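Working notes for the structure below.
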Amino acid sequence: MEFVESAALVLGSAVRLSVPLLLACLAGLWSERSGVVDIGLEGKMLAAAFAAGAAAAVTGSAWLGLLAAVLVSIAFSLVHGFASISQRGNQIVSGVAINFVAAGLTALLGQAWFAQGGRTPPVQGDARFQPIDLPGEVAARAAGGFGRLWSEVVSGHNILVYLAFLAVPVTWYALGRTRFGLRLRAVGENPHAVDTAGISVAGLRYAAVTIAGLLCGLAGTYLAIAQSAGFIRDMTAGKGFIALAALVFAKWRPVPAMLTCLLFGLLDAVAIRLQGTPLPVVGPVPVQVFQALPYVLTVVLLAGFIGRAIPPRASGVPYTKDR
Amino acid sequence: MPIAPIPDARIPALPPAIELVGIDKRFGTVHANRDIHLTVDKGSIHGIVGENGAGKSTLMSILYGFYQADHGRILVDGREVRIRSSADAIGLGIGMVHQQFMLVETFTVLENVILGAEGAPRLAAAEARARGLIERLARDYGLTVDPDRIVGELSVGEQQRVEILKALFRGAETLILDEPTAVLTPAEADHLFRILRRLKAEGKTVVIITHKLREIMAVTDTVSVMRRGEVVATWPTAATTVERIAEAMVGRRVLLHVPKGSSVPGRTLLAVEGLDVRDGRGARLVEGVTFDVRAGEIVGIAGVAGNGQSELLETIAGIRRPSAGGIRLGAEAIGGLDPAAIRALGLAHVPEDRHRMGLVLALEAWENVMLGYQDDPAYQAGVLIDGAAVRAAAADRFRGYDVRPPDIRLRTGLFSGGNQQKIVIGREMERDPDVLLVGQPTRGVDIGAIEFIHRRLIALRDRGKAILLVSAELDEIRSLADRVLCMCGGRIVGECRPETPETEIGLMMAGVAA
Amino acid sequence: QQFQPAILYDLGGRNDKSFNEAAFMGAEKFKKDAGAEYRDFEIQNDAQREQALRNFARRGQNPIIAIGFSQAQAVEKVAKEFPDIKFAIVDMVVDLPNVRSILFREQEGSYLVGVLAAMASKSGKIGFVGGMDIPLISRFACGYVQGAKATNGKIEVYQNMTGTTGAAWSDPVKGGELARSQIDRGADVVYHAAGGTGIGVLQAAADAGKLGIGVDSNQNGLHPGKVLTSMLKRVDVAVYDSLNDAKSGKFTAGVKVLGLAEGGVGYAMDNNNAALVTPAMKAAADKAAADIIAGTIKVHDYMADKKCPF
Amino acid sequence: MSGSRGELPPLVDYLVVPAVNLTLAFLVSGLVVLAIGENPLAAVRIMLSGALGYAEGVGYTLYYTTNFIFTGLAVAVAFHAGLFNIGAEGQATMAGLGVAIVCLAFDGAPWWLVLPFAVAAAALFGAGWAFLPGWAQARRGSHIVITTIMFNFIAATVMVYLLVNVIGKPGAMNPETRTFAEATRLPPIRDMLLPLGFDVGTSPLNPSFFLAVLAALLVWLLVWHSRLGYEMRVFGFNPTAAVYAGIDPARVVMVAMMISGALAGLLAVNEVMGVQNRLLLEFVGGAGFVGIAVALMGRAHPLGIVLAAFLFGVLYQGGAELSFERPKISRDMVVVIQGLVILFAGALEHLARPPLVRLFRRTRRTAEA
Ligand SMILES: Nc1ncnc2c1ncn2[C@@H]1O[C@H](COP(=O)(O)OP(=O)(O)OP(=O)(O)O)[C@@H](O)[C@H]1O
Ligand SMILES: Nc1ncnc2c1ncn2[C@@H]1O[C@H](COP(=O)(O)OP(=O)(O)OP(=O)(O)O)[C@@H](O)[C@H]1O
Ligand SMILES: [Mg+2]
Ligand SMILES: [Mg+2]
């Protein structure tokens, strides 16, 4: 029973840790399935986190924070879109630029507006997304054991967590079962086919990067005013890159993306939990072993089981009519 | 006695399906279309021929809204229209099957067919409609494809059917086909022509670009010839001859059949015995294939694409590994060696897909002249590559094989298909190999270049070399090969003389006479 | 020599809510009290340390105060080049006639908050979240453990380090998760020494209805009533004093170690945590402080032997 | 594309277009500078004179350039083989370990004696750290992008462990090794030029700059004039054709990654042996990531990379100078400016081209008329 409870706690932690990865990963998925490579996930998330933190601090409303985050993140997306779709620029360079601008601008504006070292003022109450208790939470917690699985893993997260996991079936359905999704996937594989079918390649790609912006907006909001209570400079701490890795790991598919992000979250949670505890047989182990664990396991899994990941064929290539 | 309808100036005739007036298009410095006037009658099949780079594809792409003309007007059904995008063209009932298929290879047939014409936001309804259409077309035209297969796994012939299905699904009244038969077997091509005639019978209009004059004669009502961006002639097909068309195209007389003496086979240079090849999943692609090719002969392999010919060539060349059986090059067993080692032993290989395998389109042309021969001592200067030597060799090849433009510094992708093919053939033949494997040597190549390539192949044979030729063109096989092997389902199902009637070979290819 | 002070912050930057900011506060206070202007600079990478110091020196800034142990090599080099200019460095020793080295006994302050944590804990389990597994952070951790164990021999202390890259100091999400994991295991007081990451630690503790302990500057106000106390490292005082000494010509080179006795470290009491620290707790902490000053309690310095024997 | 390359005279294409792009970038940055109440023109002047206006500034600029040349070349070499190496950061980190081991082992020996070993160690450690991702991609099909990202994190972790527990200097606050003896450090270029009568001031610029230029030259020879480079490019553009040509894909991938890693590793010679004179955490400081932008802006061509690296050097040094001179323009502002330059000069490089093409067509037409 105690093991089940520990497992529940670790799983709950895994869920929370996986959410920003999942949202960013889905953002990358939308963008890259349409053929626009996005290594600016990190920057967009950061900009969104700042916007969320700033707006929530000023207005006192988490929802306005979310709105601001989404708008800012979409604005960054559109810059990336303009560079990579309309201007046919190098998508990776554009992504790098987005990351630079976001890192600088958030700290700059944060300091200029709030004078707290690029931090936004801490937010409380309605300015933050609070945990939501699902029915049965109390009873399940009281029951202990497997009940904890309900109370820790499923219930008690904030709305963005549920939104993130809802975004998975929505993405799956929209990509796989709708007209828009069909066209979007097509434009990532062969934009010529889409163009000759009389559909605007640019239009589809702009739509895709906009969705990516929206999702990064959610991710940033989660970081700033759901998981934390305010923005701190550089608070994305490389999550955008991990999300990118998860995207490749998941072979650009929504459900595997969720599983990958959960796996990354779980590895992280396990590493957190195991840190400092002596292992059986081996005895005490340096912290770094556990800190490296998620990364090492990812490499091992990748080399051992996942196999070749083939990106959408047209991704990263600006579309031009000539061959 | 039935009288053919004669156009009568007094009766207002149906307006032409398409009328192009003064179309002009430049790509930078290239004048691809010059002041083109072209009329396509409703309910007719209109052929367009011309050398590689004459501007055929460009003209049709303008009609289809893929490019915009710099000048000129387009009339559809007698009304002047503006076609700014493919969507406009589709809306006007124009459909196009491009030379390079515009298919999403990871999609199913069904998804490809409905793409862009899905109707409702949810796919289910469109899929049902498309399924219905596919069934009907299969019934009416024999246009069969499995709607649920992944397009990338289909043969080119099937992929082309998907393209036609796409156009018909969008309600095309005028169907443009850009070199539709370049990749088809004769049987598939005949099938296509039956379909085109059915379409015509239903009142639809067809414009077809091809390099095969036989096809022009067989299916078209009218033929237009393009040269250097201009339409230089338009004739009712019945009123002209293959020779006249060829001359108009090339600007000189062309030999449509290269003369060739009888072969004097010498010793065996290539021997294949009991060869088995499997794919990654273990399915057999080539099964128990045994044959040999002797010095001074051309052995042709006839077969419907996808019956193991490509895999056979690739295995002999060392690109694939045999799962059983032996291959000998002269006295050496080469089964399982890598391509570089096999090449070093005197085997050259013109792969059937020059874009995918034979060339690196992003490199400058001269760099492709050493593709596969980068280890050649003649190309080395110490630890580095002797660029001057390679460029000298390249310039030499370009002269010898009449590659146009003769600019070895040009990016390879900018050459036309025919000239790209000459680069590959020149590279492989100039090594003076003992054995030459050739896949589809003249696919998509204009008749002038075909003549040239055929001459070269025969000359190589006459120098006592062994050539193994795989071609989907029965004509080509029959005019070049000294012996013909038929492949079907990965096996050699029969051998015959090149004089054997086409129908008989056709039956063998289908596996019937085995 | 003119009096034109300059401050060089470490990578964290002027407003890191931590020791750089404390230095800034000290300078600001001095500016207000003495009415003297000063210059400062935030470096962006390691190469700029030396460059900035030299730039200051060339412009005749004097004294120049470098914040953070990473500045040592640059200070050493530039101080040699400009023997007439006075330098001060915080958190590291540079042995030159014109350099004042200011060290803190973080372990002593940590000991006190350990005492408070052990007394405030009902579960007998407390936690520590560090930024990176480096000696300086282990020194905080070790003092904390010693203080807690001295108060409650059976107390269990969970320790976590956040990461191995610079991001470890600015990852509040991970910090929060580390704290939560400790809280889930029963910890009800969590002390952090993790810069921006610590914001997440304090947040997680507050969210869970547990207590956090701040570090470096007074962080009690971040979550009033939810932060038990803060371990103060008076970099502000050190900077202020150095500036003051230089102005009044009393600047001395050599090593200054600031511990409890010198008022260089301590724990924070204010309105925000008045209700949390009972008189008994306060008495115990003050007793410990007195004993440390008196030398009857020896607080172990992790840096001395890279070991924490508790 | 409207107005593609080749429609403009080469001089315009390679000089005017980038100049226009840079001007645009500075104009937009100027707006931001203006927004915080500083004079943008003065800011540009400070930036340029800080980076190029005096010997020491130039020294710093070139010192940064050195790092970016190495990482830019590293990314570019992998790029030619169709591989996206995001791991230059980690490779350089590990190379630092190699350089430190050599320098500590030979501590006290003259630098010119140690240098070859340090270079070899840097290349070897960098290549070794790149080998595993290369191997995993070639033999196991793992995606190089993920594995190199993961290897960056693993390198950081290994480094913390080693510096804290194994090779760190005892008693140091900071995880770092002891400082190398004076003789073993790469001398600043000033020391080499002073006897000749030049004084370039005190900057960290050291002989590794020449190493970087040499590396660029070697990469140029490798990619365009060697068999291996040819094989890499063939494979990078068209793997199927590579197999046809008898090129072993696995070999190309592994070799290209190792060369890439070795180049990234050389950064450690500059930083560890030349500047910091000890191994410390995060000495790479993001240069591995900047290398991606450098490689792409330099179109993966060594000359382009040297120029792009120089541009970034100017941005870094000029930026430092700017925020030093104008305290209101914080270092974050400088990051924003860098981002804008990357955006306008890199990703939006085609922005200025169509108007220029139109301008040229018009002038040509008037000239013809
Ligand atoms: N996208 C393009 N960009 C620049 N020039 C082009 C482009 N497409 C075609 N051209 C130019 O237009 C001319 C006509 O090309 P087009 O593809 O129409 O020839 P074609 O008659 O279809 O040749 P083929 O028989 O080989 O298919 C070429 O010579 C080429 O120089
Ligand atoms: N982007 C381009 N820029 C300039 N010229 C081009 C371009 N694309 C094609 N061409 C030119 O177009 C002409 C025809 O090219 P195209 O690709 O249509 O050849 P093709 O014979 O149809 O090839 P294939 O049959 O193999 O598809 C050539 O003369 C070539 O130089
Ligand atoms: Mg064509
Ligand atoms: Mg063609």
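The values are calculated or read from the model by the stated rules, or taken from the named source; none is laboratory data. Nothing here was measured: the structure is a model prediction, and the numbers come from that model. As a convention, Cβ positions derive from the backbone with ideal geometry for all residues, glycine included, and neighbour counts pool all protein chains shown. Surface accessibility is based on the protein's heavy atoms, side chains included, excluding ligands, DNA and RNA. Shrake-Rupley method; radii C 1.70, N 1.55, O 1.52, S 1.80 Å.
The residues of segment B:332-372 that are more than 8 Å from chain D (Cβ to nearest Cβ) and part of a loop (DSSP other than H, G, I, E, B), listed by number, are B:334, B:335, B:336, B:337, B:345, B:346, B:352, B:353, B:369. Taking the criterion of being free of Cβ contacts under 8 Å to residues at least 40 places away in the same chain and either open to solvent by 40 Å² or more (accessible area, probe 1.4 Å) or away from ligand 3 (no atom under 13 Å from the Cβ) (or both), the only residue of segment B:48-67 that qualifies is B:65. Sub-8 Å Cβ pairs linking a first residue in segment B:179-198 that is under 22 Å from residue B:221 (Cβ atoms) and modelled with pLDDT of 85 or more to a second residue that is more than 16 Å from ligand 4 (Cβ to nearest atom) and among the hydroxyl-bearing types (Ser, Thr, Tyr), at least 6 apart or interchain, are B:194/B:141; B:195/B:141; B:198/B:141, ordered by first then second residue.
For segment B:170-184, taking the residues that are away from ligand 2 (no atom under 14 Å from the Cβ) and either open to solvent by less than 30 Å² (accessible area, probe 1.4 Å) or within 13 Å of the chain's Cα centre (by Cα) (or both), the one that is farthest from residue B:119 (Cα to Cα) is identified as B:176.
Note on segment B:435-472: residues that are part of a loop (DSSP other than H, G, I, E, B) and within 16 Å of ligand 1 (Cβ to nearest atom) total 7. Here the condition is being within 9 Å of chain A (Cβ to nearest Cβ) and of a type in the set (D, E, K, R); of C:216, C:171, C:241, it holds for C:171 alone.
Each row is one residue, and each column tells you yes or no for (1) without any contact (Cβ under 8 Å) to a residue 40 or more places away in the chain; (2) under 21 Å from residue B:258 (Cα atoms).
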| position | (1), (2) |
| --- | --- |
| B:392 | yes, no |
| B:408 | no, no |
| B:415 | no, no |
| B:422 | yes, yes |
| B:439 | no, yes |
| B:450 | no, yes |
| B:453 | yes, yes |
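Looking across segment B:113-154, just one residue is open to solvent by 40 Å² or more (accessible area, probe 1.4 Å), within 14 Å of chain A (Cβ to nearest Cβ) and acidic (Asp, Glu), and that is B:127.
Among residues of segment C:154-168 being closer than 19 Å to residue A:294 by Cβ and more than 7 Å from chain A (Cβ to nearest Cβ), the one that is surrounded by the most Cβ atoms within 10 Å (Cβ to Cβ) is C:162.
Scanning segment B:473-493 for residues that are small (Gly, Ala, Ser) and crowded, with 21+ Cβ neighbours inside 10 Å turns up B:481, B:490.
Looking across segment B:406-421 at every residue that is open to solvent by less than 60 Å² (accessible area, probe 1.4 Å) and part of a loop (DSSP other than H, G, I, E, B), the one that is nearest to ligand 1 (Cβ to nearest atom) is identified as B:416.
Scanning segment B:423-457 for residues that are more than 16 Å from ligand 3 (Cβ to nearest atom), more than 14 Å from chain D (Cβ to nearest Cβ) and open to solvent by 10 Å² or more (accessible area, probe 1.4 Å) turns up B:430, B:432, B:434, B:440, B:451, B:452, B:454, B:455, B:456. Checked against (1) in a helix (DSSP H, G or I); (2) in contact with a Phe, Trp or Tyr (Cβ under 9 Å, 6 or more places away or on another chain); (3) open to solvent by less than 10 Å² (accessible area, probe 1.4 Å), residue A:219 meets all criteria but (2). Just one of the numbered conditions (1) within 14 Å of another protein chain (Cβ to nearest Cβ); (2) within 16 Å of ligand 2 (Cβ to nearest atom); (3) at pLDDT 90 or above is not true of residue B:413: (3).
The strands (runs of 3 or more DSSP E) found wholly in segment C:29-141 and carrying at least 2 residues that are facing chain D (nearest Cβ under 9 Å) occupy C:39-42. Candidates are the residues of segment A:82-101 that are part of a helix (DSSP H, G or I) and within 14 Å of residue D:350 (Cα to Cα); the one that is most open to solvent (accessible area, probe 1.4 Å) is A:82.
Note on segment A:271-305: residues that are among the β-branched types (Val, Ile, Thr), open to solvent by less than 50 Å² (accessible area, probe 1.4 Å) and more than 7 Å from every other protein chain (Cβ to nearest Cβ) total 1. So which residues in segment D:151-180 are over 26 Å from residue C:103 (Cβ atoms), touching a residue at least 12 places away in the same chain (Cβ under 8 Å) and of a type outside the set (Phe, Trp, Tyr), if there are any at all? Passing the criteria: D:152, D:154, D:155, D:156, D:158. Within segment B:458-472, the residues that satisfy the criterion of being crowded, with 24+ Cβ neighbours inside 10 Å and either charged (D, E, K, R) or within 16 Å of ligand 4 (Cβ to nearest atom) (or both) are B:461, B:465, B:472. Does residue D:222 satisfy the condition of being of a type outside the set (Ser, Thr, Tyr) and in a helix (DSSP H, G or I)? Yes; evaluated as a whole, the condition is true for this residue. In summary, residue B:216 fulfils each of the numbered conditions (1) within 16 Å of ligand 1 (Cβ to nearest atom); (2) in a helix (DSSP H, G or I); (3) among the aliphatic types (A, V, I, L, M); (4) within 14 Å of another protein chain (Cβ to nearest Cβ) with the single exception of condition (4). For segment B:93-112, the candidate set comprises residues that are within 14 Å of residue B:172 (Cα to Cα) and not small (Gly, Ala, Ser); within that set, the residue that is nearest to the other protein chains (Cβ to nearest Cβ) is B:96. Within segment B:374-405, restricting attention to residues that are away from ligand 1 (no atom under 16 Å from the Cβ) and under 26 Å from the mean Cα position of the chain (by Cα), which residue is surrounded by the fewest Cβ atoms within 10 Å (Cβ to Cβ)? By that ranking, first place goes to B:399. One residue stands out in segment B:70-88 among those that are assigned to a loop (DSSP other than H, G, I, E, B) and touching a Gly at 6+ places or on another chain (Cβ under 9 Å): the one that is farthest from ligand 3 (Cβ to nearest atom), namely B:77.
Tell me the helices (runs of 4 or more DSSP H) entirely within segment C:235-310 that contain at least 3 residues that are under 19 Å from residue C:62 (Cα atoms) and more than 17 Å from the chain's Cα centre (by Cα).
Answer list for segment C:235-310: C:235-247.
The condition (being of a type in the set (Lys, Arg) and under 25 Å from residue C:254 (Cα atoms)) is satisfied by just one residue among C:185, C:180, C:100: C:100.
Considering segment B:166-196 alone, what residues qualify as being closer than 17 Å to residue B:470 by Cα, away from ligand 4 (no atom under 16 Å from the Cβ) and not in a helix (DSSP H, G or I)? Listed by number, the list holds a single entry, B:185.
Can you tell me which of D:84, D:79, D:70 is modelled with pLDDT of 95 or more and under 14 Å from residue D:295 (Cβ atoms)? The unique qualifying residue is D:70.
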